[in-house]
1. So for region 527-546 (the condition being touching an Asp or Glu at 6+ places or on another chain (Cβ under 8 Å), assigned to a helix (DSSP H, G or I) and surrounded by fewer than 19 Cβ atoms within 10 Å (Cβ to Cβ)), does at least one residue qualify?
2. Anything in region 467-500 that is small (Gly, Ala, Ser) and in contact with a strand residue (DSSP E or B) (Cβ under 6 Å, 6 or more places away or on another chain)? List them, or say none.
3. Which one of these is outside the structural domain of ALA584 (by TED's automatic domain parsing), under 21 Å from the mean Cα position of the chain (by Cα), of a type in the set (S, T, N, Q) and under 30 Å from ILE377 (Cα atoms): SER424, SER410?
4. Kindly check whether there is at least one residue in region 315-323 that is in a helix (DSSP H, G or I), farther than 24 Å from ILE106 by Cα and charged (D, E, K, R).
5. Quick check, is LEU741 touching a Pro at 6+ places or on another chain (Cβ under 8 Å) and either modelled with pLDDT of 95 or more or assigned by TED's automatic domain parsing to the domain that holds ILE674 (or both)?
6. Can you tell me how many residues in region 482-508 are part of a loop (DSSP other than H, G, I, E, B) and farther than 30 Å from GLU739 by Cβ?
7. How many residues are part of a helix (DSSP H, G or I) and more than 18 Å from HIS427 (Cβ to Cβ) if we restrict to region 363-396?
8. Go through region 267-304 and count every residue that is part of a helix (DSSP H, G or I) and among the aromatic types (Phe, Trp, Tyr).
Amino acid sequence: MSNSPQKSNFIKSKAFLLFVWSRNILGKKWVKWSLIGLVTVVFLLVSLFVSVYCGAFGNIPSKKDLTFIRQEAATQVLDKNGRLIGKYFIYDRQPLTYKDFPQHLIDALIATEDIRFYQHDGIDNKSLVRVFLKTILMQDESAGGGSTITLQLAKNLFGRKQYIFASIVINKLRESIIAKRIEDIYSKKEILELYLNTVPFPDNTYGIESAARKFFNKSTTSLNKQESAVLVGTLKANNYYNPRLYPKRSKARRNVVLNQMVKYGYLSKDTADILIADTLKLEYRSFNHDVGIAPYFREQVKKELTLILDSLKKPDGQPYDMYRDGLQVHTTLDYAMQELAEEAMKEHMAVLQKDFESAYGNNAPWKQNGTFIKNIIKQLPLYKKFKEKGLSDKQIEDTLNTKRNVEVFSWDGDTIARITVRDSLQHFVKFLNTGMLSIDPSSGAVRTYIGGIDYRFFKYDHVSQSERQVGSTFKPFVYTAAIENGMKPCTYFPLKAVSYVNYDDWTPTNSGSEEEAPHLNYSLEKALSNSVNTIAVKVLNEVGIPKVVDLVEKLGIVKTIPNEPSIALGVAEINLKALTGAFASYVNAGKAVKPYCIKEVRDRYGKVLVSFKPEVKKVPAFNDYTQQVVLEMMKTTVNSGTASRLRNEYKLRNEIAGKTGTTQNNKDGWFVGITPKLVSVTWVGNDNHSIGFSSTGIGQGANSALPIFAKFYKKLNEDEYFNAITKAEFKTTSYQALEDLKCEPEKRDGFLKRLFGLGGNKKRFKGE
């Protein structure tokens, strides 16, 4: 007790000395102003925080708002088996649930981005202190960042804004407030789910599922450890570590992620060493709207989906948005079959293009300096715009002759060329294009859809948009109408040409050796299988134009057919899709179908919004007997007629019926391939109607269009997956039909008829 007063005095003296020292220190100006500055900074930060919290810099979502977080999602276009074909999006995103994430993906994310994720409440104070001390004070760039997964999620969900001042600070404060609220509402698993569904990856890709499909062509659930490490590694800087653009950087970053997993006990050292030694393997698949599988089909589906969504509303009455609402569009397309069809098309068209250009040589119209290119230039919107502005032809020509960098299509590989508008037109106008559609003839379900040679450069869809003269592919309709109206299959018609006086002496002729045999007569089967023009018109003359037109309408072709005898030769311009649906009737009991692309549309939760059933004509356009007879005739076309190269050159032994077609001046080449389970129609030609093939040898349907079908079917034959199609057999033809077809394919005129030429070469066309 005696020491207490002494101790008390000691403390008081110490306090007095501290007071004196503090007073002396505070008396110094630099200390005083430093404290004032510190207090001011703290006050400003607190004031800024309060103002941000109160919404002075934009509304901050409340906890109630955050409970209704709804992520924008890409609409998925799926094939008939649920395989992803493409997407419609503004931000390429496909949300998953937590259970879809492999554990090694979660481990890689935590080890690399936020090791204390399960300990903090949205703000990692330890990391912030580390960043402040090491990065700011000690300039140690290896200290890392202080951002947590939750803070990144807040940024991903609500983005950042630009302010007049202190944008970084304000955005960070906003994100910290949002992060705290997210942590109060959601579990750690839910936060990871939200994060992985919204985080940006390279190539404008949002969410782990879209990234997995784009860079590795697989779902997230199928990612291996290396692939997960690659994608997690890109989060540090998604362009800098883009594995497509910078594979070496990406691999190095992948290895950093794997080492982080070792460091924090998520991966053994031995396993990591094996994974690190492995090469970086990508299976990149772009979902850009202009590239990828079936781009013309995807564009057609988008057009149809737009019309469908116009009549649908969400439960809250709002319209659906195909770019944001994560719809699932289930289509009829067969992904695997489409791949083979596109391969076949490219293989043939690359060769045909070379033959086409070589056949023209220096006489090609696009190489001439005359009016051909000038006339095309005058149709350009750019030319018309210059004209409206009052520019002279000379001024316009000078402007269009300015060279610029243009991406140029070539079957040998695209290049960037410095060329003028004229040069560009001369290059692109020469390309042949194509359209090919394959459908299930029983329903009209589209299985393959090729609208052109390359959607990036040629947007015009030759399946749904184009109408071209169909040539000899129209002849089966003429013969069908004739059989249906009582003409016997063994009816004979002379080959010789006839002039129809009531049609300005119009004289349809044949080609090749058939012109040299005026006294021969062909049966209907021989005439159709060899595509004889003169006989097709004579058959039309017998049956009458109205009956043929009536049949065509029953087959679903709504296009107005010209009321003239030349329709027998295919002068009518018909859409390829409609033509395919009509030919399905020959293996569908006489009933035409309407080709369709969309089976059903679902919302993001899998609820069916709308579904579509096949549109099959209820009443057959012709009876079973007619169907069997004409189908047998088209089988003969393949076995020994104009399509016989399917057997001779391509060695196809499948059950196939078909019809070739070539239009006047070799402008269009066609082939119709009919098999029991698949009907395909192919067209080849130039988009400029003034450019045809230089000869029938190269331009006839058997040479220009048929090979695409042939190569396609050969590829189908090589894959057991398609056995149900390739090994299918036609229904047994009735005894009566086969008996009625038993006749000599041709016979010669008798002696007197040959001598006196009975019948004459001029007639009136009566079949109107």
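1. Yes, region 527-546 contains at least one residue that is touching an Asp or Glu at 6+ places or on another chain (Cβ under 8 Å), assigned to a helix (DSSP H, G or I) and surrounded by fewer than 19 Cβ atoms within 10 Å (Cβ to Cβ).
2. So in region 467-500, the residues small (Gly, Ala, Ser) come out as 471-472, 481-482, 486, 497, 499.
Answer for region 467-500, where residues must be small (Gly, Ala, Ser) and in contact with a strand residue (DSSP E or B) (Cβ under 6 Å, 6 or more places away or on another chain): GLY471, SER472, SER499.
3. Numbers: SER424 fails: under 21 Å from the mean Cα position of the chain (by Cα).
Checking each option against the conditions leaves just SER410.
4. Residues of region 315-323 that are in a helix (DSSP H, G or I), as a first pass: none.
No: zero hits.
5. Details: touching a Pro at 6+ places or on another chain (Cβ under 8 Å): yes; either modelled with pLDDT of 95 or more or assigned by TED's automatic domain parsing to the domain that holds ILE674 (or both): yes.
Answer is yes for this residue.
6. Keep residues of region 482-508 that are part of a loop (DSSP other than H, G, I, E, B), which gives 485-491, 495-498, 504-505, 507-508.
Among the residues that remain, those that are also farther than 30 Å from GLU739 by Cβ are: 497-498, 504-505, 507-508.
The number of residues fulfilling the criteria is 6.
7. Here is the first cut: in region 363-396, the ones part of a helix (DSSP H, G or I) are 363, 365-367, 371-378, 381-388, 393-396.
So of that shortlist, the ones also more than 18 Å from HIS427 (Cβ to Cβ) come out as 371, 378, 381, 384-388, 393-396.
Qualifying residue count for the region: 12.
8. Filtering region 267-304 down to residues part of a helix (DSSP H, G or I) leaves 269-277, 295-304.
From the residues that got through so far, the ones that are among the aromatic types (Phe, Trp, Tyr) too are 296-297.
Of the residues in region 267-304, 2 are part of a helix (DSSP H, G or I) and among the aromatic types (Phe, Trp, Tyr).
The values are calculated or read from the model by the stated rules, or taken from the named source; none is laboratory data. As the structure is a computational prediction, the values presented were derived from the model and not from experiment. When we count neighbours, we look across all protein chains shown, and the Cβ atoms used for this are built from the backbone with ideal geometry, even at glycine.
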